[in-house]
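Colleague: Structure provided below as structure tokens; questions to follow.
Taken together, the values in this text are just the output of simple stated rules run on the coordinates, not laboratory data. Computed from a predicted structure; not experimentally measured. Cβ: placed from backbone, ideal geometry, glycine included. Neighbour counts: every protein chain shown.
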Amino acid sequence: MREPALIQMLADGRRLHLHDGPIDLIVHADGDTAFVDRAYRAAAVRFVTILHELCGELPVLRARVGHEKPHGAVARSMFAAVTPYCPDRFITPMAAVAGAVAEAVLAAMTQAAELERAYVNNGGDIAIHLAPGRSYTVGMVERPEAVSLFGSVEIPAESAVRGIATSGWRGRSFSLGIADAVTILAKTAAEADAAATMVANEVDLAGHPAIRRVPACEIAPDSDLGDLPVTRAVGLLSPHDIARALDDGSRYAESLCAGRRIHSAALCLQGDVRTVTITDRPGRSPLPPSNTLPQFPSRSLWHA
Amino acid sequence: MAEVFPSDTIRCDACPVLCYIKRGHTGACDRYANLEGQLVRVDPHVLLDRAKSQGTPLVPFLEREGAWDGQLGKDRETFVTAIGAGTTYPDYKPAPFIVSSEVDGVDLVTVVTEGIFSYCGVKLKIDTDRHLGPERNLVRAQGEPVGHVSTAEYGSQMLSLGGVHHLTGGTKSEGRVTCETLLDLCNGKEVALVIDNGASITVAANQPPTVNGQREERMRVGCGSAAIGMFAKQWSGKVDDVVVVDDHITGVLSEHQAGKMLGVRETGIAIRGRRSTPGRYFQVAQPGTGWGGTSITDPLSILKPFKPNIAWPHLRLLMVSTTGEHYAYYELDDSLRPVEKGLPAALQESVARIRENCEPALTTVLFMAGAGGSLRAGVTENPVKLTHSVKQSLTRVTCGGAPAYVWPGGGITLMVDVARMPENAFGYVPTPALVAPIEFTLKKSDYASLGGHMNFVRPLEEVLREKDRQRQFTSLPDNPWPLKPTPGRGGA
């Protein structure tokens with residue numbers, strides 16, 4: 001039985017909750033009350049058709065990136081975000097679906113009204129809007145099921161970052177790697193989403209006995225990952241193994257930074273955290289240095 | 001699409017993604033699942049309806065919707081439990097539910113979350129005197145070590161299962177089997193366990209245990225000596241001597257203080273075993289699953305020949321176990337050898353009385369776990385303040401609405417009787433660790449002062465409005481109502 005999309009304000013009266021099938025968005029905007037209201041209406045109008053648009057093209061979106069291109073606006077931004085990875089890595093447009101959806105809803109809002117700040121949080125993959133002079137502070141957790149912040153990031157308007165995404169085997173989507181969480185800051189949410197998936201895949205220990213993997217299709221028959229082995233459990237790893245896996249992931253993240261595909265990455269594995277950021281640009285990195293525990297941020301924005 | 005999927009796969013039609021979902025798995029949304037071939041919504045969270053008395057019927061949510069006035073009335077008291085509340089993914093609020101309600105004019109906040117406990121286990125109290133295995137020996141499930149035999153209690157054998165070392169410190173298989181064993185026991189399912197150099201048992205919460213294929217019906221009435229004291233008067237005059245066989249202390253009527261007081265005559269009986277005080281013997285046999293928790297199958301094996309200068313032909317002897325389950329009646333022949341006879345009617349009553357005084361034997365399962373740093377961080381920005389608040393009894397801790405005993409000392413280490421929780425309250429994550437519901441209830445003002453996530457507090461009525469995610473249960477009549485804290489340590 002088809003469940004209708006859900007559109008409602010959360011209890012705080014400030015945030016909008018949009019839910020349809022597997023899409024679950026928390027939306028917030030700051031600005032003139034009339035503008036916020038207009039933006040929320042625009043968000044809802046845009047939102048109600050998104051799932052249908054995507055489902056119409058699911059076979060292409062679930063296939064390894066090739067010659068056939070999808071047509072819908074959201075699907076095209078998914079496709080564009082993953083294309084840079086396809087020559088040397090397995091990736092499907094689904095790797096960017098959450099970020100692309102967040103971005104599309106945010107775009108509808110900013111087109112409808114002038115806003116001071118806004119975010120669309122799609123289960124941890126977040127698109128943000130910042131007017132000049134404004135900023136967001138983002139708290140980061142390493143394990144989605146246990147909320148404790150390992151760090152926070154301030155994103156000022158002058159930064160190029162407008163997308164944040166997190167991926168890891170503990171999350172809702174499958175991962176080929178063993179990272180508890182990889183958080184990426186990038187220009188767009190779709191790009192951050194694709195990159196988080198790819199970096200999380202690279203944090204890995206091939207053949208390690210403490211890692212249990214299962215072909216994706218054994219769990220979800222229609223998974224875009226087919227029979228690729230996805231991580232289902234990771235036992236306790238030695239400090240040496242943790243360092244080795246994080247080294248591999250960091251090296252890959254550094255290459256993405258060097259290629260300007262992402263701005264920064266934070267990689268978490270069993271309590272250890274590494275951060276990587278674009279280095280050849282003047283100005284302070286928006287990510288805290290490795291293994292420091294910064295102050296708890298204001299809770300303007302949480303994500304997993 | 002012409003793809004063929006195995007028959008245990010169903011297609012979800014809750015949204016246009018139309019996921020194929022295999023048996024035992026969820027779709028892309030994590031909200032719908034294939035449960036035994038049926039599409040079910042899997043994220044209900046349990047609401048406890050306060051039962052005025054036993055037998056209060058379950059109130060379907062829809063029927064009351066029209067009359068709902070947003071207040072907690074005397075007859076519509078609802079407590080949101082953590083079962084199915086979900087953990088904090090995708091994370092946009094610190095704990096899945098922080099619910100405010102008003103009880104007797106006091107604004108209360110309940111922080112509801114499903115805790116992921118890697119430090120957790122169960123304590124099993126198995127009401128039996130049968131020897132299950134030497135203390136400290138390993139307890140195994142599916143061949144994997146999952147716990148050990150702990151110190152015995154009065155009338156009961158104790159097992160300690162789980163804990164962080166079996167869950168994550170051993171092999172992958174040990175961790176998986178331990179997690180599965182704990183999960184099954186906590187959810188009321190039957191589990192088969194084997195003790196090294198001991199018994200094979202089958203146990204389930206609040207069910208009689210089965211030891212080596214034999215179902216245990218009753219606890220012993222007391223030790224053998226206690227049984228002599230309790231029944232001496234009923235035996236006096238109807239039989240010349242009574243031996244109550246027990247693994248701990250075997251009692252003999254004619255030598256026991258209770259028999260002496262009643263003027264029971266010496267019989268010349270002689271017991272193999274170590275005499276403690278008159279009429280009380282230790283170690284009459286090896287522990288086992290025979291008479292009174294010993295290895296005895298023939299009770300005469302614990303008797304030495306009667307002393308010929310004291311005993312007499314036709315002397316009447318009753319031998320009985322501490323549960324009344326085993327008994328035999330003998331009379332001495334002319335050469336003073338015991339010959340088994342039918343139990344005289346006059347003694348049948350006393351044996352029945354022993355049985356009657358034995359309580360039903362059960363296995364009880366206490367879930368024990370520590371609420372660690374990250375779980376507490378979902379409740380407050382300063383986790384130790386939550387711990388202090390629990391210790392000072394300002395915060396009440398419940399698990400699925402059942403009272404939890406909080407062990408004194410550091411941290412929040414709690415114990416809860418799984419039989420008092422709604423069914424299927426537990427889950428697991430493949431870490432492996434158990435997922436258990438946990439609720440913290442405290443005054444709203446106290447919550448603010450301990451650094452609570454006040455921005456995330458939602459009124460009860462709003463949580464109740466999300467009715468498609470809810471199951472309602474009538475609270476168990478024995479449980480105190482979670483929103484009415486009684487003073488006392490740990491809120492139990």
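Colleague: Set the Förster distance to 56 Å, then compute FRET efficiency between B:GLU359 and A:ALA243 from the Cβ-Cβ distance, nearest 0.05. Before the final figure, lay out each step's value.
Modeller: Numbers: r = 57 Å, r/R0 = 1.02.
My answer for the efficiency is 0.45.
Colleague: What distance in nm separates the two pseudo spin-label positions at A:ARG64 and B:ARG215, each 7 Å out from Cα along the beta-carbon direction?
Modeller: Inter-label distance under the simple model: 5.9 nm.
Colleague: While we're here: Could you state the number of Å between the C-alpha centres of the stretch B:149-200 and the stretch A:1-51?
Modeller: Between the Cα centres of the stretch A:1-51 and the stretch B:149-200 lies a distance of 48 Å.
Colleague: Explain nothing, just the number: relative contact order of the stretch B:120-218, from Cα pairs under 8 Å at least 6 residues apart, as a whole percent.
Modeller: Reported relative contact order: 28 percent.
Colleague: Per residue of A:20-30, count partner chain C-beta atoms within 10 Å of its C-beta, then hand back the mean as an integer.
Modeller: Across A:20-30, the average partner-chain Cβ count within 10 Å equals 4.
Colleague: If you don't mind, there's one more thing I want to ask. Treat each spin label as a single point 7 Å out from the Cα along the C-beta direction, and report the B:SER236 to B:ARG337 distance in nm.
Modeller: 3.5 nm
Colleague: Taking R0 as 35 Å, what FRET efficiency do you get between B:SER449 and B:GLU190 from their Cβ-Cβ distance, rounded to the nearest 0.05?
Modeller: Numbers: r = 46 Å, r/R0 = 1.32.
The calculated FRET efficiency here is 0.15.
Colleague: Across peptide A:223-235, how many C-beta atoms of other chains are within 10 Å of each residue C-beta, on average?
Modeller: Counting Cβ atoms of other protein chains within 10 Å of each residue's Cβ and averaging gives 2.
Colleague: Between the stretch B:340-361 and the stretch B:239-316, how many Å separate their Cα centres?
Modeller: Using only Cα atoms, the two centres lie 17 Å from each other.
Colleague: Rank the residues A:ARG232, B:ARG420 as a footprinting-exposure proxy: fewest other Cβ atoms within 10 Å of their Cβ go first.
Modeller: Numbers: A:ARG232 15, B:ARG420 20.
Lowest to highest Cβ neighbour count: A:ARG232, B:ARG420.
Colleague: Evaluate the Debye formula for the stretch B:120-218 with equal point scatterers sitting on the alpha carbons, no solvent, and hand back log10 of I(q)/I(0) at q = 0.15, 0.24 Å⁻¹, in q order, two decimals.
Modeller: Result of the Debye calculation: -0.51, -1.34.
Colleague: What percent do you get for the relative contact order of the stretch A:152-248 when only Cα pairs under 8 Å and 6+ apart count? Working shown, then result.
Modeller: Details: 175 pairs, mean separation 23.7, N = 97.
It rounds to 24 percent for the stretch A:152-248.
Colleague: A further question follows. Taking the Cβ of each residue in A:CYS268, A:CYS86 as the centre, tally the other Cβ atoms inside 10 Å and list the residues starting with the fewest.
Modeller: On the way: A:CYS268 27, A:CYS86 15.
The fewest-first ordering by Cβ neighbours comes to A:CYS86, A:CYS268.
Colleague: Then there's this: Taking the Cα centre of the stretch A:6-303 as origin and charging only Cβ (+1 Lys, Arg; -1 Asp, Glu), how large is the dipole, in debye to the nearest 20? Don't skip to the answer; put the middle values down first.
Modeller: On the way: 28 positive and 33 negative charges, 45 e Å.
It comes to approximately 220 debye.
Colleague: Test of understanding: ordering A:SER250, B:SER445, A:SER135 by Cβ neighbours within 10 Å, fewest first, what list do you get? Kindly include the intermediate steps, with their values, before the conclusion.
Modeller: Working: A:SER250 19, B:SER445 10, A:SER135 16.
By the 10 Å Cβ count, ascending, the order reads B:SER445, A:SER135, A:SER250.
Colleague: Something else now. Order the peptides B:258-268, A:38-48 from the highest to the lowest mean number of other Cβ atoms within 10 Å of their residues.
Modeller: So the peptides B:258-268, A:38-48, ranked by packing, come out A:38-48, B:258-268.
Colleague: Let me ask another. Compute the semi-axes of the equivalent ellipsoid of the stretch B:287-363, taking the square root of 5 times each eigenvalue of the Cα gyration tensor, and list them largest first in whole Å.
Modeller: Equivalent ellipsoid semi-axes, largest first: 26, 16, 8 Å.
Colleague: Mind grabbing the base-10 log of I(q)/I(0) for chain A at q = 0.09, 0.10 Å⁻¹? Debye formula, identical points on the C-alpha positions, no solvent, two decimal places.
Modeller: The calculated log intensity ratios at q = 0.09, 0.10 Å⁻¹ are -0.42, -0.52.
Colleague: If one computes the Cα centroid of the stretch A:261-278 and of the stretch A:181-240, what distance in Å separates the two points?
Modeller: 15 Å
Colleague: Let me ask something else about it. Can you tell me which of A:98-107, B:202-211, B:343-352 comes out highest on packing, and rank the rest after it, using the mean Cβ neighbours within 10 Å?
Modeller: Sorting A:98-107, B:202-211, B:343-352 by mean packing, highest first, produces A:98-107, B:202-211, B:343-352.
Colleague: Considering chain A as a Gaussian network with a 10 Å cut-off on Cα pairs, which listed residue, A:ALA210, A:ALA243, A:ALA253, attains the greatest mean-square fluctuation?
Modeller: Of A:ALA210, A:ALA243, A:ALA253, the most mobile in the Gaussian network model is A:ALA210.
Colleague: Once label points are set 7 Å from the Cα along Cα→Cβ at both B:GLN38 and A:CYS86, what is their separation, rounded to one decimal in nm?
Modeller: Each label point is offset 7 Å from its Cα along the Cβ direction, giving 4.4 nm.
Colleague: Let me ask something else about it. Cα-based Rg (one decimal) and Dmax (whole number) for the stretch B:309-418, in Å?
Modeller: 28.4, 85
Colleague: Which of the residue pairs B:LYS385/B:LYS444; B:LYS391/B:LYS443; B:LYS233/B:LYS260; A:LYS69/A:LYS187; B:LYS123/B:LYS391; B:LYS385/B:LYS443 have a Cα-Cα distance greater than 20 Å in the structure shown? The partial results should precede the final answer.
Modeller: Numbers: B:LYS385/B:LYS444 14 Å; B:LYS391/B:LYS443 15 Å; B:LYS233/B:LYS260 11 Å; A:LYS69/A:LYS187 22 Å; B:LYS123/B:LYS391 23 Å; B:LYS385/B:LYS443 14 Å.
As for pairs spanning more than 20 Å Cα to Cα, those are A:LYS69/A:LYS187; B:LYS123/B:LYS391.
Colleague: Direction-averaged shadow area of the convex hull around the Cα atoms of the stretch B:224-356, nm²?
Modeller: Details: hull surface 27.9 nm².
With every direction weighted equally, the projected area is 7.0 nm².
Colleague: So what J values fall out for the stretch A:237-243 if you push phi through Karplus, 6.51 cos²θ - 1.76 cosθ + 1.60 with θ = phi - 60°, rounded to Hz, Gly and Pro as x?
Modeller: 10, 6, x, 5, 5, 4, 4
Colleague: So who's got an amide H within less than 5 Å of the one on B:ASP8, skipping anything under 5 residues away but keeping other chains? H placed 1.01 Å off N, in plane.
Modeller: Placed amide hydrogens put nothing under 5 Å from B:ASP8.
Colleague: Could I ask something else about it? B:ALA352 to B:LEU262: extension gain in nm, 0.36 nm per residue of separation minus the Cα-Cα distance?
Modeller: 30.2 nm
Colleague: Classify the stretch A:1-111 as rounded, prolate or oblate from the Cα gyration tensor: take a ≥ b ≥ c as the square roots of its eigenvalues, call it rounded if a/c is under 1.5, otherwise prolate when a/b beats b/c and oblate if not.
Modeller: It comes out prolate by the Cα gyration axes.
Colleague: What is chain A's relative contact order, in percent, from Cα pairs under 8 angstrom and six or more apart in sequence?
Modeller: 15 percent
Colleague: Then there's this: Efficiency by 1/(1 + (r/R0)^6): what FRET value for B:GLN142 and B:TRP407, r their Cβ-Cβ distance, R0 = 30 Å, to the nearest 0.05?
Modeller: Once rounded, the FRET efficiency stands at 0.50.
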